Structure formats: C-alpha cells, structure tokens
Amino acid sequence: MGGKVDGYLDCTSPYSYFAITHLRKVRPLLKQYGVEVEFHPVFLGGINVGSGNKPPWTLPAKAKYGPYDLKRAIEQFQTPKISSPPFFPILSVVPQRAMLVVKDRHSNEAFEKCFVSTWEYSFIKHIDISKPDALAKMLGEHFDAAEVKEIMRLMATPPYKEKLTANTKKALDLGAFGAPWFWLRNEKGEEEPLFGSDRFAYMWRFLGVEFEDVRIVDKEKQDGKAKL
C-alpha cells in the first residue's frame, strides 16, 4: 500500500477550499492505506494565462450555473456557507506567497490551518487578505506579532516571488488548467493528473483506496424488506 496526492491550490478558488477541507478530514483514513497528502500554493491567474483557460465567471453560462454548483458543494462537503465577496476575484498573489513562507517555517499542520484561514477570511468573513493589514490580522490568529512581521517581510522578497512562480510553472508542466489540480502517484509508481473537487472516487480508485461509491438504492428491495 502507499501513494501520494500533491494538491495545487489557490485561495481565490472556492473549490480548492472544498478540496483541502475534505482531504484534511479523510487524511487519517488515507494513512491507513499509506497515502500521503501535500498541498502546494500556486497562482491560479498564472495557470489560467499559461493554459489559455478562462475563469468560469467570465463566461455567462458558467456564471449562471455557478451558484447551483456552489450550493451543492457546500452540502456535499458540509462546510460553512461560503459566498463570493464583493472584491472577488481575489488578488491572491500576496497571500499565496505568504503561505509559502508559512509552509517553509512551520509544521505542516500549522501551515494547513493557516492556509484554510485564507478561504475563511475571503469567502466567509469577506475580508480582503490581499490588503496587508487584513493579511497580517489573519496571520495573527496563528502566530505571534514578531513572526507575523517576519512572514510579511519574507513574502515580499525575491526568493518567495520566484517560489510562487516556480510552483505555478510546475503545475502547468503537469498539465494544470485550473484549481484544485492534483498529481497522483499510486503504490505501483504510476502517475496521473486529476482536476476538481468532485472526482474523489476517481482518486481513491487510482490509489487503491477502498470506498463506497454513490449508488442508487433499490427501492423495491428496500420496500420489500420493510414489509417483512
């Protein structure tokens, strides 16, 4: 048994939020199968440009359909209700760089909790963390004042600007055209991509994780048992 899930996520993507919350929730079960999960901050704007993709809200039909899909995802993943803030699409370059700093300097659990906060601030609290004061406030929920100051300093330095660019390029090289984007490796060493937060059955099957798929209940059989 064994495998690896690398998730390339951006805090401007609500479906990246569903992905990270779900994968964090099921991680203890995935560990039973030897499957590791790691998250990588990327810049979705760069992925869209590099792949030639267009954000769904720029296409009238997709924009009209979006609220239905969002409502269903909230119900499916049992997350707090999220909604697009007035400043959407979120300018994610700065907070994504900050998350790279956090990932380098702190435990994986601390990094992931902080990363989740980027979505909570943007889509639940509707606080624009592309603004320095708001980002510092969010970071302050996880780290002391001195560490927040250091994170804010480091994220503006060339190494972290370059690191976000490199992460984004890697995702593009792996075929990414949106987020969440996943790169999967199973116990046989086979690898393949997967896009989106509504295809986990495909992920589990490829990784050899046993699961109960969506199935229709046989109503006649169920009704028959009820009459016995």
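The values are calculated or read from the model by the stated rules, or taken from the named source; none is laboratory data. Computed from a predicted model, the values in this text were never measured in an experiment. Backbone-built Cβ (ideal geometry, glycine too); neighbour counts: all protein chains shown. Each accessible area value is taken on the protein alone, full model and side chains, heavy atoms only, with ligands, DNA and RNA left out. Shrake-Rupley method; radii C 1.70, N 1.55, O 1.52, S 1.80 Å.
Before moving on, here are some points about what is shown:
- Segment 143-161, residues that are of a type in the set (A, V, I, L, M) and open to solvent by 80 Å² or more (accessible area, probe 1.4 Å): Ala145
Okay, residues lined up against (1) of a type outside the set (Phe, Trp, Tyr); (2) closer than 14 Å to Val148 by Cβ; (3) free of Cβ contacts under 8 Å to residues at least 60 places away in the same chain; (4) open to solvent by 10 Å² or more (accessible area, probe 1.4 Å):
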site	(1), (2), (3), (4)
Phe77	no, no, no, yes
Leu100	yes, no, no, no
Phe115	no, no, no, no
Asp133	yes, yes, yes, yes
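- Set side by side, the residues Val26, Val37 differ, and just one is more than 20 Å from Ala176 (Cβ to Cβ) and without any contact (Cβ under 8 Å) to a residue 40 or more places away in the chain, which is Val26.
- Test: residue in segment 181-191 that is open to solvent by 40 Å² or more (accessible area, probe 1.4 Å), without any contact (Cβ under 8 Å) to a residue 12 or more places away in the chain and either among the hydrophobic types (A, V, I, L, M, F, W, C) or assigned to a helix (DSSP H, G or I) (or both): no
- Residue count for segment 131-170, restricted to those that are assigned to a loop (DSSP other than H, G, I, E, B) and of a type in the set (Phe, Trp, Tyr): 1.
- Condition met for Pro28 (open to solvent by 10 Å² or more (accessible area, probe 1.4 Å), out of contact with any helix residue (DSSP H, G or I) (no Cβ under 8 Å at 6 or more places or on another chain) and more than 18 Å from Thr165 (Cβ to Cβ)): yes
- Considering (1) under 15 Å from the mean Cα position of the chain (by Cα); (2) closer than 21 Å to Ser130 by Cα, the lone condition that Ala19 does not fulfil carries the number (2).
- Hits in segment 3-23 (condition: open to solvent by less than 10 Å² (accessible area, probe 1.4 Å), out of contact with any Phe, Trp or Tyr (no Cβ under 7 Å at 6 or more places or on another chain), touching a residue at least 40 places away in the same chain (Cβ under 8 Å) and not polar (S, T, N, Q)): Ala19
- Restricting segment 31-51 to residues that are closer than 14 Å to Ala171 by Cβ and of a type in the set (A, V, I, L, M) leaves a set whose member that is most open to solvent (accessible area, probe 1.4 Å) is Val49.
- Members of segment 192-219 that are open to solvent by less than 20 Å² (accessible area, probe 1.4 Å) and either without any contact (Cβ under 8 Å) to a residue 60 or more places away in the chain or polar (S, T, N, Q) (or both): Leu194, Ser197
- Any hit, segment 93-104, residues being under 15 Å from the mean Cα position of the chain (by Cα), farther than 28 Å from Lys169 by Cα and assigned to a helix (DSSP H, G or I): no
- Unmet criterion (only one of (1) under 29 Å from Ala201 (Cα atoms); (2) modelled with pLDDT under 95; (3) open to solvent by less than 30 Å² (accessible area, probe 1.4 Å)) for Ile90: (1)
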